[in-house]
Structures are given as structure tokens and as C-alpha cells.
Amino acid sequence: MKIFISADMEGIAGPAHWDEVDKTHANYAEFREQMTAEVVAACEGALNAGATEIVIKDAHWTGRNIIAAKLPREARLIRGWTRDPYSMMAGLDSSFHAALMVGYHARSGSDGSPLAHTLTERVASVTINDRYAAEFLINAYTAGLFGVPVIFLSGDATICADAADFLPGMATVATMEGIGNATNSIHPDLAIERIREGVETALKANVSRCNVVMPAHFVAEITYQKHITARQVSFYPGAHLSQSHRVQFEADDYFDILRFFMFGISMTND
Ligand SMILES: [Zn+2]
């Protein structure tokens, strides 16, 4: 049984400032340990439920955060960025039994975390078929593309609520709540315990309840902080400006939406 884990950092227990999730800052070491511990806990839960192989995508910033030597030997770790449209889900394919998300966070434009964003701070909001999209939703549809159920997410309380609203069968563990520019977090060790138990329970149940239903047609809209970014992205083939700071793109195949996001979100500059 192969399990995929996409791991981010802003939604682990604790961080309240960008310095704490930034490799170049002294505060980072403490939170890098916690990110690693939460991912290890997810691995242990999966192994307890019968997983035999685990692939982890380190999906925060440089993609080089998790301390590999602390992972169980059944795990492989994808570090850095593959530079393809799969982004935070790189390494996933249809051979996986289930996908998990650890350390996820509220979307751009939400008040759920002081670190709320969607892939880049240049983006004010993203919608897919008129639903606000966090990285969770973008990546859940990627799992859907491969027919892999998304069974578990840990992160701030807002992204947990978003995830459970989209996929009611999913298990979630809320590590903290955002309050303005602050976070109110559970104890780091409690987050670790709840993640281990939550993953084990979720995997032992019937995972097909968490299959992602793929719409027949996708309409994606990206609203940027600056109109100049929207102008640049509006030249992507098939895309158009729907407002001065907003670009729309439509496709039936979600891979085409992911490719639009690769150019329209990940590769933009100010
Ligand atoms: Zn991140």
C-alpha cells in the first residue's frame, strides 16, 4: 500500500511570522523540527495502518525543509522543485492508495492565518468553478486527476474547515487558529499525537469515501495583487483579462488548469 504525503510548513503547530518558516532566518530551526515531526507522525500513522511505501513531497518554499534522517525507512523524500505543473503534488501517480496533506494553510484573502496565501503572495485569490481555492483545493483536484483519494489534512483550523466542506469524508487535525497577525496553537506534541492517530484511523477506513469528483469543465480565475501581473498572465494562450487585475482560463482537462497555474501563479514576477 503506497501513500503520498504533500507537506507544507505554514500550517504546522505554531508559526506566526514568515521568519519562522524561512530557511535563512535563525527562528526557522525550531519549526523545521516540528514540520519534520508532524510528517514523521503521519508516516507512523500510515505504517500502523499497513502502508508499505510512502513518498513525501517537501512542498514548502525551497522544497528543502524536512530532515530526511528522521523519516522511517519506508519513506522516500522528494526535495526541491520538479518544475512541472504538479508542483506540491509532484511524485503522485495512480499507483497510490491515498494522499495526505500535512502543514497546510488558509488561502490568500482568508483571515485564517497570518501566513495565509495561495502559492505566492502576488495572488489575492484563486477560484475554481466559483469556489475559492486554497492550495488544498488545487492539489486535491490533482489527486482527483490520478483517481487517488485525499483522506487526511492537518493545518490551521480554517483550511481544515475548507477541506472538510469540500470532501466531507476527510479527516482533519487543526493545529492552530489564526487571529489577526497571531496564531493560537495547540501543544506541538499534541499536534504530533493527533496527526499519528488521525492518519491511522483515516487509512483503516474505506478510503473511497474521499474520492475527488472531477467536474466536466473547469473555469479558473486568478485575482492578482497588482494589475501588471494580470496583464502579463493574460497573454497565456487561451487566457483573458476578466477585470484589470483578474485573469480567467477555462478547460475540460484539469491538467490544462494546472499548466495555467504553473505559468499564472508559480512563474509570475512583480
Ligand atoms: Zn509553505
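Nothing in this text is a laboratory measurement; each read-out follows from the coordinates by a stated rule. Since the model is a prediction, treat every value here as computed from it, not as a measurement. In this analysis, Cβ positions are derived from the backbone assuming ideal geometry, glycine residues included, and neighbour counts consider all displayed protein chains.
Calculate how many DSSP beta bridges within region 92-219 are antiparallel, expressed in % of all such bridges and rounded to the nearest 5.
For region 92-219, the DSSP antiparallel bridge percentage is about 45.
Take the chain, connect every pair of alpha-carbon atoms lying under 10 Å apart with a spring to form a Gaussian network, then pick out the residue of H25, H105, H245 with the largest mean-square fluctuation.
Comparing H25, H105, H245 in the GNM, the peak value goes to H25.
Does anyone have the angle between helix 135-145 and the longest principal axis of the chain? Alpha-carbon axes, 0 to 90°, nearest 10?
Between the helix axis and the principal axis of the chain, the angle is about 90 degrees.
Of all DSSP beta bridges located in region 149-209, what percent are antiparallel, nearest 5?
Percent antiparallel among DSSP bridges in region 149-209 is about 45.
Do any of K57/K204; K23/K226; K23/K57 go past 20 Å between their Cα atoms, and which?
K57/K204; K23/K226
Round to the nearest 10 and give me the degree value, 0 to 90, for the angle of helix 188-204's Cα axis relative to the longest principal axis of the chain.
In the chain, helix 188-204 runs at an angle near 90 degrees to the longest axis.
Can you show me the helix-derived [θ] at 222 nm for the chain, built from DSSP H runs with n ≥ 4 at -39,500 (n - 2.57) apiece and divided by the number of residues, rounded to the nearest 500.
When only DSSP H runs of four or more count, the value is -8500 deg cm²/dmol.
Provide the percentage of antiparallel DSSP beta bridges, counting only those with both residues in the chain; round to the nearest 5.
The antiparallel fraction comes to roughly 45 percent.
Could you tally the net charge around F218, taking each other residue with its Cβ under 13 Å from the Cβ of F218, Lys/Arg +1 and Asp/Glu -1?
Around F218, the surrounding residues sum to -4.
Measure nothing fancy, just the Cα-based angle from helix 28-48's long axis to the longest principal axis of the chain, in degrees from 0 to 90, nearest 10.
Compared with the principal axis, the helix lies near 70 degrees.
For the chain, modelled as a Gaussian network with Cα springs under 10 Å, which listed residue fluctuates most, A134, A26, A75?
A26
Pull up the cross-link candidates among the aspartates and glutamates for K2, meaning alpha carbon to alpha carbon under 13 Å and not fewer than 8 places away within one chain.
Cα-Cα hits under 13 Å: E53, E74, D93.
Can you give me the C-alpha center-to-center distance between region 199-270 and region 79-108, rounded to a whole angstrom?
Going from one Cα centre to the other spans 15 Å.
Which of the trypsin sites (Lys or Arg not before Pro) found in region 151-258 are in a DSSP loop and have at most 12 neighbouring Cβ atoms, other than their own, within 10 Å?
Hits after loop and neighbour filter: nothing returned.
To make sure I understand, if each residue's beta carbon is the centre and we count other beta carbons within 10 Å, what order do T229, T127 fall in, fewest to most?
T127, T229
Separation of region 124-194 and region 11-42 by C-alpha centroid, Å?
17
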